[in-house]
1. With respect to GLY139, is the statement that it is out of contact with any Pro (no Cβ under 8 Å at 6 or more places or on another chain), touching a residue at least 40 places away in the same chain (Cβ under 8 Å) and open to solvent by less than 20 Å² (accessible area, probe 1.4 Å) true?
2. As an exercise: evaluate LEU311 against (1) surrounded by fewer than 16 Cβ atoms within 10 Å (Cβ to Cβ); (2) within 19 Å of the chain's Cα centre (by Cα); (3) touching a residue at least 40 places away in the same chain (Cβ under 8 Å) and give the number of the one condition it does not meet.
3. Could you tell me which residue of the stretch 168-182 is nearest to LEU222 (Cα to Cα), considering only residues that are open to solvent by 10 Å² or more (accessible area, probe 1.4 Å) and assigned to a loop (DSSP other than H, G, I, E, B)?
4. Can you name every residue in the stretch 357-388 that is farther than 21 Å from GLU25 by Cα and open to solvent by 30 Å² or more (accessible area, probe 1.4 Å)?
5. State whether the residues of the stretch 213-220 include one that is farther than 23 Å from ALA304 by Cβ, open to solvent by 20 Å² or more (accessible area, probe 1.4 Å) and within 21 Å of the chain's Cα centre (by Cα).
6. Whether any residue in the stretch 191-200 is open to solvent by less than 10 Å² (accessible area, probe 1.4 Å) and within 29 Å of LEU116 (Cα to Cα) is what I want to check.
7. Could you count how many residues in the stretch 68-111 are under 30 Å from ALA410 (Cα atoms), open to solvent by 40 Å² or more (accessible area, probe 1.4 Å), among the aliphatic types (A, V, I, L, M) and without any contact (Cβ under 8 Å) to a residue 60 or more places away in the chain?
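The values are calculated or read from the model by the stated rules, or taken from the named source; none is laboratory data. Not measured: the values here are computed from a predicted model. Every residue, glycine among them, receives a Cβ derived from its backbone with ideal geometry; neighbour counts consider all protein chains shown. Note: areas computed on protein heavy atoms with side chains; ligands, DNA, RNA excluded. Shrake-Rupley method; radii C 1.70, N 1.55, O 1.52, S 1.80 Å.
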Amino acid sequence: EWPQWRGPAGQGHSTAKDLPLTWSEKENIVWRTEIPGRAWSSPVIDGQHIWMTTAIEAEAPAAEKAKKMADNFAGQPLNIVGKLSLRAIGVDRVSGKLTHNIELLTAESPDPVHQLNSFASPSPTLEDGRLYAHFGTNGTACLDAKTQKVLWTNRELKLKHENGPGSTPVLWGNLLIVHCDGSDTQSIAALNKLDGKLAWRTNRSGEMNPEPQLKKAYGTPLITNVAGREVVISPAADWLYAYEPETGRELWKLSYGAQGFSIVPRPVVGHGMVFIGTSFMKPEILAVTLEDKPKIAWRFNKQAPTMPSPLLIGDELYIFAEKGVATCLDAKTGQINWTERLGGNFCSSPLFADGRIHIGNREGQTFVLAPGKSYKLLATNQLEGQIMATPAAVGTDLFVRTDKALYRIAVKR
């Protein structure tokens with residue numbers, strides 16, 4: 001029902017109805033379940049169960065922690081740990097009971113992650129009773145969600161994330177496709193979903209900045225139909241690529257025409273264009289035409305997002321800057337309809353459900369807005385903890401994961 005990050009089409013749209021407009025720790029909460037570990041992955045839903053990933057962290061020895069801090073030339077705020085247990089968590093949809101806590105992979109002395117990231121930030125993907133979980137350089141695993149048996153693991157896709165994993169995998173046919181854009185190596189790869197073996201891996205071909213830190217990216221691919229064929233749209237550092245999903249053959253690439261690295265937002269498509277974010281230092285939103293020879297139709301660089309993905313509803317494109325500013329653009333022209341400060345800091349991506357826009361921040365607030373060319377804030381709802389994951393909405397329920405717990409939010413009847 002909710003098989004991947006940002007919903008069935010990966011565009012942040014839900015068919016859920018009758019969701020509550022307001023909630024709090026004491027209002028319209030059906031259940032709240034604390035989730036072990038530290039992770040920002042978003043929930044996926046199949047029948048009775050809600051699945052997430054998490055990372056159980058062991059304290060690193062003092063000498064190891066000191067060495068890794070000394071090697072931190074960029075001066076980033078890092079989370080340095082010892083052994084990792086990377087796990088799949090199952091929660092009963094009706095009762096909220098934690099039903100599964102299954103170890104998928106372990107990692108000894110993993111590379112540090114940025115304090116704003118986690119070791120389990122990529123979201124899992126569900127299909128036909130199988131859960132596919134990717135943890136970047138620390139490995140990929142497939143779990144039989146019914147028998148709780150780990151069917152395969154793969155640790156071939158090694159790279160230096162610098163700030164930890166972020167790219168969520170996508171399924172196409174018998175392939176699990178994932179980005180591998182580190183400071184040391186940059187590629188896109190596909191694993192056979194049946195046995196986990198590497199099916200293809202294609203190196204990025206675009207010329208990059210010589211500075212290794214500016215070569216990395218954390219984007220998630222999007223598969224869409226272009227001129228009657230399915231194409232993998234793949235944002236990487238400095239370049240947008242398109243690939244043939246079955247072989248990994250590069251179809252075309254387009255330079256951003258400006259610096260773009262540490263890409264986080266997932267693209268959205270519509271009006272014959274794909275809308276992407278170039279992320280850090282000089283963030284922009286680009287509208288790229290997909291028909292004929294791809295080109296940049298327009299670009300927008302005022303309060304552009306570094307991490308939240310854009311949301312396309314009809315002719316309007318909604319973006320949310322990290323520092324709490326929301327903007328509505330005309331998707332066809334890039335002209336501003338409105339821009340308003342909501343407050344807080346955003347990492348999570350927006351969700352369109354029950355005719356309303358939902359966006360959560362790191363302060364635990366979820367803002368509910370009415371879509372349209374005029375700004376209208378309908379509600380501001382507060383939960384405990386940080387909202388780093390993107391919500392899911394199924395039936396009449398909204399599921400929100402904070403850094404501490406998973407909530408089922410619904411109108412109390």
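1. On the way: out of contact with any Pro (no Cβ under 8 Å at 6 or more places or on another chain): yes; touching a residue at least 40 places away in the same chain (Cβ under 8 Å): yes; open to solvent by less than 20 Å² (accessible area, probe 1.4 Å): yes.
Spelling it out, GLY139 is indeed out of contact with any Pro (no Cβ under 8 Å at 6 or more places or on another chain), touching a residue at least 40 places away in the same chain (Cβ under 8 Å) and open to solvent by less than 20 Å² (accessible area, probe 1.4 Å).
2. Status for LEU311: all satisfied but (1).
3. Pass one, the stretch 168-182, residues open to solvent by 10 Å² or more (accessible area, probe 1.4 Å): 171-175.
Narrowing further to those that are assigned to a loop (DSSP other than H, G, I, E, B): 173-174.
Values: GLY173: 14, ASN174: 16 Å.
Here the answer is GLY173.
4. To start, the set of residues in the stretch 357-388 that are farther than 21 Å from GLU25 by Cα comprises 370-376.
Within the stretch 357-388, PRO371, LYS373, SER374, TYR375, LYS376 meet the criteria.
5. First, pick out the residues of the stretch 213-220 that are farther than 23 Å from ALA304 by Cβ: none.
No, that holds for no residue.
6. Start the filter on the stretch 191-200 by keeping residues that are open to solvent by less than 10 Å² (accessible area, probe 1.4 Å), which leaves 191, 196.
Cutting the leftovers down to within 29 Å of LEU116 (Cα to Cα) gives us 191.
Looking through the stretch 191-200, at least one residue is open to solvent by less than 10 Å² (accessible area, probe 1.4 Å) and within 29 Å of LEU116 (Cα to Cα).
7. 1
This table checks each residue for (1) among the acidic types (Asp, Glu); (2) over 28 Å from TYR407 (Cα atoms); (3) modelled with pLDDT under 90; (4) not in a strand (DSSP E or B).
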| residue | (1), (2), (3), (4) |
| --- | --- |
| ALA55 | no, no, no, no |
| GLY75 | no, yes, yes, yes |
| LYS83 | no, yes, no, no |
| GLY90 | no, no, no, no |
| ILE102 | no, no, no, no |
